[in-house]
Amino acid sequence: MTALRLIFGIAFALLITLPRAGAEDKIWSAVLLASNVAQPKAPPAELDAVCKRLRNLLGYNQVEIIGSATAKIDDMAEVQLAPTSHFSMDVKARRSSAKEARGGYLLNLQLFHDKQQLVDTEAKIAPESPLFIRGPMHARGQILFVVLVQP
Amino acid sequence: MKTFEERYTGWIDGKLTAAEAAAFERELESVPDALPDKTDALRLGDFLRRHADAPSLTNADFFSHQVAARIAAESGREVKSDRRHWWQWSIPQLAMVGSACLLLAGGLFKMMIPTGTPEGAGTPYFAEIVDARTDNPHVSATPVYNPKDNVTVLWLDGLDYLPASAQLN
């Protein structure tokens, strides 16, 4: 019975000391406009870490946020995000067990322009690792969409 | 005054005085088995003195167990050992152990499987397109990941150009 008490003790200690991980995750999405201007503005704070790399990849010197939306997500969550009135996303989230995802999500994401579906994609993303979608070209520049999980 | 048993034992062992022995033997005339009993007792005593060394036991525990089992079988009572092995546990005990193991497994699962962001882990980039489809046959969706820039972009080609009059927000 001593061993039994020890097992119970260890299990109880494990349960009460473990963090309640992932309870407050949020998904942030935005519609961006990338363009080349004479005097580029500073990048959005949310994209500060990757903006330089994004500029290198796409060849634009300015990225600005047209609109954004945030929702709480957890395992098996389904949310609709509407960063602007013309662009929206339906997102189904599942926890990813992939080690590289570091507790992130496997997202099933459908992107809409008004009522027209632009793409239906599945992606694994780690927290604080934005996923970009290169959308249509606009007269003012390149439209981009971004999805970011914030713990 | 010595009891009969004391005098009988003294008589067999030869510890009585001559007077006492003579008086006791007169008393024993009414007990016909007394003399053969004394002869047997003397023979047994002599035998035990000559074979006093007890054989050494090589498996004392096994011997004790056999004796205990034999006693239990003959007396109809179960000999209970102080220590019980796990396979002798009762159903409630097994259920409790099972619950404890499940609890422990649950704790370890929560601890070992990553959920949420580890504190202080930094933010190494990871975004991977698993699959991408479009309804429009003129539109293609291509995952682009440049290791040098470490950014993942789902590249949609073939979408309609949006004129300046098209509202974005």
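The values are calculated or read from the model by the stated rules, or taken from the named source; none is laboratory data. It should be emphasised that the depicted structure is a prediction, and the values quoted were computed from it without experimental measurement. Cβ placement follows ideal geometry from the backbone for every residue including glycine, while neighbour counts extend to all protein chains displayed.
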Just to check your reading of the model, which residue among B:Arg70, B:Arg43, B:Arg77 is modelled with pLDDT under 85 and either assigned to a helix (DSSP H, G or I) or loosely packed, with under 10 Cβ neighbours inside 10 Å (or both)?
B:Arg77
Those residues that are under 17 Å from A:Pro130 (Cα atoms) and buried (at least 19 other Cβ atoms within 10 Å of the Cβ), I need them from segment A:68-87; list them, please.
A:Ile73, A:Leu81, A:Pro83
Which one is surrounded by the most Cβ atoms within 10 Å (Cβ to Cβ) among residues in segment B:13-40 that are in a loop (DSSP other than H, G, I, E, B) and more than 60 Å from the chain's Cα centre (by Cα)?
B:Leu16
Does any residue in segment B:145-159 that is closer than 15 Å to B:Glu128 by Cα and more than 8 Å from chain A (Cβ to nearest Cβ) come within less than 9 Å, Cβ to Cβ, of a residue that is among the polar types (S, T, N, Q) and surrounded by 15 or more Cβ atoms within 10 Å (Cβ to Cβ) six or more places away or on a different chain, and which pairs are these?
B:Tyr145/B:Thr152
Among the residues in segment B:149-156, are any loosely packed, with under 14 Cβ neighbours inside 10 Å and either at pLDDT 90 or above or over 17 Å from A:Lys124 (Cβ atoms) (or both)?
no
Matching residues in segment A:120-145 (of a type in the set (D, E, K, R), farther than 16 Å from A:Phe87 by Cα and in a strand (DSSP E or B)) number 2
